[in-house]
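See below for the structure under consideration.
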Ligand code: SF4
């Protein structure tokens, strides 16, 4: 007999669950109870739902599955960073990272399995994009990290960055739904101001976010403000040139009044010259923004190497002299391949 694939019950909103129960001749309130089991109590099986009758549980079992993630492997770095290899219901794996500092604990989560973009310096780009993550798969990564944060660092998660595997704006709807869940009282109740979506820069989607009046922060992996250089390291820049990116960012700022953070790595022999610095300064002046200089972790063939401290100091001096806020972020979790650009499902 042909089997009809059961639907993932967690793909339903609370309203849809309520409607489902009404259509089954039950009370809408039953939908609230099941929703609570799925999202607040983290039920992995219908049998866990002890205040739901056996018949109703059987009916749910016949109609739905509960897909959930499983942390297959957890690695802890000597600096406190934790990396999770997360197995999805279909066996695919993504990674997420917990980064503790003295003042905050940040989850870096994935939004896609692999990535459709091809940034030359990024280990994830070597993995083919298999699929987008569902909202619940993104949410579950956050919940798993929040638990680890409480367990190993005695404090809840304070911040989230969408900077793991994948380009979040290529999975915009699901990322948005996950953020809604994370910020809702039924989820973690986290302020959207503590969430940053980091994109490689998809102009159309940046404008859409501005139109949608999202409340989270925006970061852009810029890495060069010169088109030829950026296209060399981020080939999709050919289709989304800096002029279009800048226009979209101006639109974003106009609508949201939220400053943009530019993530920027300085590589030896690639973007470490004065002309690169001048171009960045000019780019920053056009739209209110700040710069985060990130330490780089070589991934394999050594084509990309972190520039000298001197080159980084030159960047910092020039940006500061021009009144642009700049921070230098040291890399974390290098010993477990959890640092920026290193997520690649390595054993
Ligand atoms: S840096 Fe981000 S957008 Fe670029 S390939 Fe890696 S995961 Fe994809």
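No value in this document is a laboratory result; all are computed from the given coordinates. For clarity, every value in this text was computed on a predicted model and none was experimentally measured. Don't worry about glycine lacking a Cβ; one is built from the backbone with ideal geometry, like all the others, and counts go over all protein chains shown.
In terms of the Cα gyration tensor, with a ≥ b ≥ c the square roots of its eigenvalues, is the range 1-42 rounded because a/c is under 1.5, prolate because a/b exceeds b/c, or oblate?
oblate
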Quiz item: Using the 10 angstrom Cβ neighbour count as an exposure proxy, how do 118, 146 rank, fewest first?
Solution: 118, 146
Exercise. Report, to the nearest 10°, how far helix 54-63 tilts away from the longest principal axis of the Cα atoms in the chain, using its own Cα long axis and a range of 0 to 90°.
Key: 50
Quiz item: If you rank 110, 318 by fewest surrounding Cβ atoms within 10 Å, what's the result?
Solution: 318, 110
Quiz item: Of 222, 60, 245, which has the largest mean-square fluctuation in a 10 Å C-alpha GNM of the chain?
Solution: 60
Quiz item: How far is helix 242-256 tilted, in degrees, relative to the longest principal axis of the Cα atoms in the chain, given as a value from 0 to 90 rounded to the nearest 10?
Solution: 60
Quiz item: Rounded to the nearest 5, what % of the DSSP beta bridges within the chain are antiparallel ones?
Solution: 45
Practice problem: Using only Cα atoms, tell me the angle between helix 28-39 and the longest principal axis of the chain; keep it within 0 to 90° and round to the nearest 10. | Solution: 50
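In terms of the Cα gyration tensor, with a ≥ b ≥ c the square roots of its eigenvalues, is the range 97-142 rounded because a/c is under 1.5, prolate because a/b exceeds b/c, or oblate? Walk me through the intermediate numbers first.
Details: a/c = 4.20, a/b = 1.43, b/c = 2.93.
Here the range 97-142 falls in the oblate category.
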Self-check item: the chain shape via C-alpha gyration tensor axes, a/c threshold 1.5
Solution: prolate
Practice problem: Please tell me the relative contact order of the chain in percent, rounded to the nearest whole number, where contacts are Cα pairs under 8 Å and at least six residues apart. | Solution: 14
Self-check item: Helix-only mean residue ellipticity at 222 nm for the chain, each DSSP H run of n ≥ 4 adding -39500 (n - 2.57), per residue, nearest 500
Solution: -10500 deg cm²/dmol
